[in-house]
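The values are calculated or read from the model by the stated rules, or taken from the named source; none is laboratory data. All values reported here derive from a predicted model rather than from experimental measurement. All Cβ positions, even for glycine, are placed from backbone atoms using ideal geometry, and neighbour counts span all protein chains on display.
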């Protein structure tokens, strides 16, 4: 039997993000700033006990933009792995103009992890806080959960579940797969704000 996995966005899902004066969010710049969000450790532990692999997949374009160093991103990842029982963290360092296959919403990171760990994608889930995460999960064949965040752009995607927190997302997964998730307040079949997304084959706009 092939293993199941939970694919996790990093910034805004596992760890706290920071807001600039212009309202945009950015990831931690140093390991010291990498703060795990409430409920994440407990949720990950429950999912691990249920037999899921935990794999983070993250876009880190600041390296290509020259505002962050690759070694610093790797150091932040190591700190996060020291606090959460992750099996791996896969990173895309490219920016939009590179037109790579690994930068979400492309599914390359998820597909790479699936090959590495022989994951059954149809029995796997993705938890993200942006439409690009959800689209990458959908293209990979995973069930998807959008955790509410100001930068989600929820109208540009169609997750299987809209959740208010990581812990509620993890409980829903456990309920769906026969685990012991708690009763939670959440909304499945997330309503579309963009009618064009009724056609999943239609090309979505490029990311920021």
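Residues in segment 133-164 that are assigned to a helix (DSSP H, G or I) and crowded, with 24+ Cβ neighbours inside 10 Å: 133, 134, 135, 136, 137.
I need a count of the residues in segment 85-96 that are outside any loop (DSSP other than H, G, I, E, B) and touching a strand residue (DSSP E or B) at 6+ places or on another chain (Cβ under 9 Å). First the steps, then the outcome.
Looking only at segment 85-96, we keep the residues that are outside any loop (DSSP other than H, G, I, E, B), and these are 88-92, 96.
Checking which are touching a strand residue (DSSP E or B) at 6+ places or on another chain (Cβ under 9 Å) leaves us with 88-92.
Residues meeting the conditions: 5.
Could you tell me whether residue 14 is buried (at least 21 other Cβ atoms within 10 Å of the Cβ), in contact with a strand residue (DSSP E or B) (Cβ under 7 Å, 6 or more places away or on another chain) and closer than 20 Å to residue 130 by Cβ?
Judged against the criteria, residue 14 is a match.
Meeting the requirement of 1 or more residues that are within 22 Å of residue 108 (Cα to Cα), the helices (runs of 4 or more DSSP H) wholly within segment 1-84 are 62-65, 70-83.
Once segment 165-185 is narrowed to residues that are surrounded by fewer than 17 Cβ atoms within 10 Å (Cβ to Cβ) and part of a loop (DSSP other than H, G, I, E, B), the residue that is modelled with the highest pLDDT is 177. Could you tell me which residue of segment 97-120 is nearest to residue 132 (Cα to Cα), considering only residues that are out of contact with any strand residue (DSSP E or B) (no Cβ under 8 Å at 6 or more places or on another chain), assigned to a helix (DSSP H, G or I) and at pLDDT 95 or above? This residue is 111. Just name the residue that is farthest from residue 56 (Cα to Cα) out of those in segment 73-111 that are surrounded by fewer than 17 Cβ atoms within 10 Å (Cβ to Cβ) and out of contact with any helix residue (DSSP H, G or I) (no Cβ under 8 Å at 6 or more places or on another chain). Selected residue: 97.
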